[in-house]
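Everything below concerns the one structure shown next.
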Amino acid sequence: PRVCVVGSGPAGFYTAQHILKHHGGAQVDIYEKLPVPFGLVRFGVAPDHPEVKNVTNTFTQTARSERCAYYGNVTVGRDITVPELQQAYHAVVLSYGAEDNRVLGIPGENLSGVHSARAFVGWYNGLPENQDLKPDLSCETALILGHGNVALDIARILLSPLQLLRKTDITAGSLAALSCSKVKRVWLVGRRGPLQVAFTIKELREMINLPGTRPVLSPADFTGLENAIKDAPRPRKRLTELMIKTALEKPGEKTVEVQAAAPREWGLRFQRSPQEVLPSADGTRVRGVRTALTRLEGSGDSAKAIPTGDVEDLECGLVLSSIGYRSLPLDPAVPFDAQRGVIPNSSGRVEGVPGLYCSGWVKRGPTGVIITTMNDSFDTAQSVLEDLQVGTLDVSSSREGFGAVESILRSRGVRPVSFSDWEKIDAAEVARGRAAGKPREKIVDPQEMLQLIGH
């Protein structure tokens, strides 16, 4: 059987890995629109979290398998259609992730100084489409809308001492911009309360212990919460206890001195829902965000934030909206639920289109960490294997796979990038990084990548 996977992030690679491991004859081709693989492992994981990127070692082993091939620089839906892939393969798995962000839908969100978290993360991680972002870091206060791990990542990058960032694979351009940054205060604003935050304890602890930075948590937000979390699941309980301790504990004298000397601060603001981005006097850029104060109806994760009628204006010169990523439809031939931002499916089998599958964020929505995506992708791969076994996928008719695709791409002037091409780009990045004392210096311009491999 010939299987094709669209997207080379964790969902794509884990799907391919599982199929190759459990079917001794399957041939898997992975297509990727960028010349470089690994999706959000390369472009989403924070530069100061190198240990999370180690999964690329496993992905590299998969890509080097003689039954696997990687074709970068191919945009499915533009260079080749999904029906054309279905003609060439017995099964097609869509694992192209979430390449857009949710919008706030409030007045002023297009003002200068307002960016999506996705674009900001892409900017410091070298995603080609975000290289011209030029965020204005000349203000003292930044506001991040959202209480997830991405929001904490951004706060940490904005406030980290430069000597910590210099040792990471953060891009040269963003490092230069951050070295001139005037930002010294970051507020993370959420519609709901401390019991509904979506970040995890590891990220919170890193933020609390960030050198040169002090946490500002209001004791009033946390009083009485000890009782509320008695029966909460352990992760939620430990997370809340850490926030309570940080908010309520009387610091020792030494801590007081250290904190008083800390030039930067960050804090969590709860039960505030963004209503409007406020413009500067000349109307060109952001000067703050008007928030509606909310009260919570219900409890736990399902609690809803209801506006009370009161508003509060929060002054800032930079707004980063971290309210979630969003998948986009890829090809008219593929059903898409625009409301939920996913491809309608059952265990990864796309509804109404036999032989078409999906995995990762485009399958279940943009939530979870790499391990969640791994299990989800194994689940989809299992569906493909079952359909091969029971004969739902007819492998008696031979399919040409990349042979058929290659001639279509050639006729359209598209030249794919192989995995060994990527390894040349990888080696060049690592060499450039070594010269700068970093693990790698990412090349951010796709044209430069293609020139490097003689395309």
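For the chain, just the Cα set please: Rg and Dmax, both in angstrom.
Computed over the Cα atoms of the chain, radius of gyration and Dmax are 23.6, 77 Å.
Using alpha carbon coordinates only, what is the Rg to Rh ratio of region 180-304, with Rh defined as the Kirkwood radius?
1.01
Can you tell me which lysines have their Cα less than 23 Å from the Cα of Lys33? Leave out same-chain residues fewer than eight positions away.
Straight-line reach from Lys33, under 23 Å: Lys53, Lys363, Lys424, Lys442.
Hey, could you get me the Stokes-Einstein D for region 366-455, Kirkwood radius over alpha-carbon pairs, 37 °C and 0.692 mPa s, rounded to whole µm² s⁻¹?
For these conditions, the coefficient is 190 µm²/s.
Helix 10-22 sits at what angle to the longest principal axis of the chain, using alpha carbons and giving 0 to 90 degrees rounded to 10?
Helix 10-22 and the main axis of the chain meet at about 40 degrees.
Taking the mean number of other Cβ atoms within 10 Å as a proxy for protection, how do you rank 439-445, 276-282, 197-203 from highest to lowest?
For the peptides 439-445, 276-282, 197-203, the packing ranking is 439-445, 197-203, 276-282.
Would you please give the FRET efficiency between Lys134 and Leu242, computed as 1/(1 + (r/R0)^6) with r the Cβ-Cβ distance and R0 = 45 Å, to the nearest 0.05? Each step should come with its number before you reach the end.
On the way: r = 36 Å, r/R0 = 0.79.
Computed FRET efficiency for Lys134 and Leu242 comes out at 0.80.
So with the 1.4 Å probe, I'd like the accessible area per residue for the chain, rounded to whole Å².
Result: 45 Å² of accessible area for each residue.
Taking the dipole about the Cα centre of the chain, with the C-beta of Lys and Arg at +1 and of Asp and Glu at -1, give me whichever of Ile443, Ser280, Met207 is farthest to the positive side.
Met207
Can you list the lysines whose alpha carbon is less than 20 Å from that of Lys230, not counting same-chain residues fewer than 8 positions off?
Lys245
With charges only on Cβ, +1 for K and R and -1 for D and E, what is the dipole size of the chain about its Cα centre, in debye, rounded to 20?
900
If region 71-160 were replaced by its equivalent ellipsoid, with semi-axes equal to the square roots of 5 times the Cα gyration tensor eigenvalues, what would those be, largest first, whole Å?
35, 14, 13
Can you give the Kirkwood hydrodynamic radius for region 298-338, in Å, rounded to one decimal and based on Cα pairs?
15.3
Where does each of 381-387, 209-215, 23-29 land if you order them by average Cβ count within 10 Å, highest first?
The peptides rank, most packed first, as 381-387, 23-29, 209-215.
For region 102-324, report the translational diffusion coefficient in µm²/s to the nearest whole number, using Stokes-Einstein at 20 °C, 1.002 mPa s, and a Kirkwood Rh over Cα pairs.
Estimated via Stokes-Einstein, D reaches 118 µm²/s.
Leaving out ligands, DNA and RNA, what percent of the accessible area of the chain is carbon and sulfur, probe 1.4 Å?
Accessible surface attributable to carbon and sulfur in the chain totals 51 percent.
Mind putting together the pair-distance distribution for region 1-132? All Cα pairs, 10 Å bins, whole percent per bin, short to long.
Bins of 10 Å from zero give 11, 38, 30, 16, 5, 1 percent of pairs.
Measure nothing but the geometry: give the 0 to 90° angle between the long axis through the Cα atoms of 149-159 and the longest principal axis through the Cα atoms of the chain, rounded to 10°.
Orientation of helix 149-159: about 60 degrees from the principal axis.
May I ask which residue of Tyr96, Gln131, Trp361 lies farthest towards the positive end of the charge dipole of the chain, with charges of +1 (Lys, Arg) and -1 (Asp, Glu) on Cβ and the Cα centre as origin?
Going by the Cα projections, it comes out as Gln131.
Run a plain Debye calculation on region 339-398 (Cα atoms as equal point scatterers, no solvent) and give log10 I(q)/I(0) at q = 0.12, 0.16, 0.26 Å⁻¹, rounded to two decimals, same order as the q list.
Log-scaled intensity ratios, in q order: -0.31, -0.52, -1.05.
The values are calculated or read from the model by the stated rules, or taken from the named source; none is laboratory data. Everything numeric here is computed off the predicted structure, so don't read it as measured data. Using ideal geometry, Cβ is built from the backbone for each residue, glycine included, and neighbour counts are taken over all protein chains shown. Note: areas computed on protein heavy atoms with side chains; ligands, DNA, RNA excluded. Shrake-Rupley method; radii C 1.70, N 1.55, O 1.52, S 1.80 Å.
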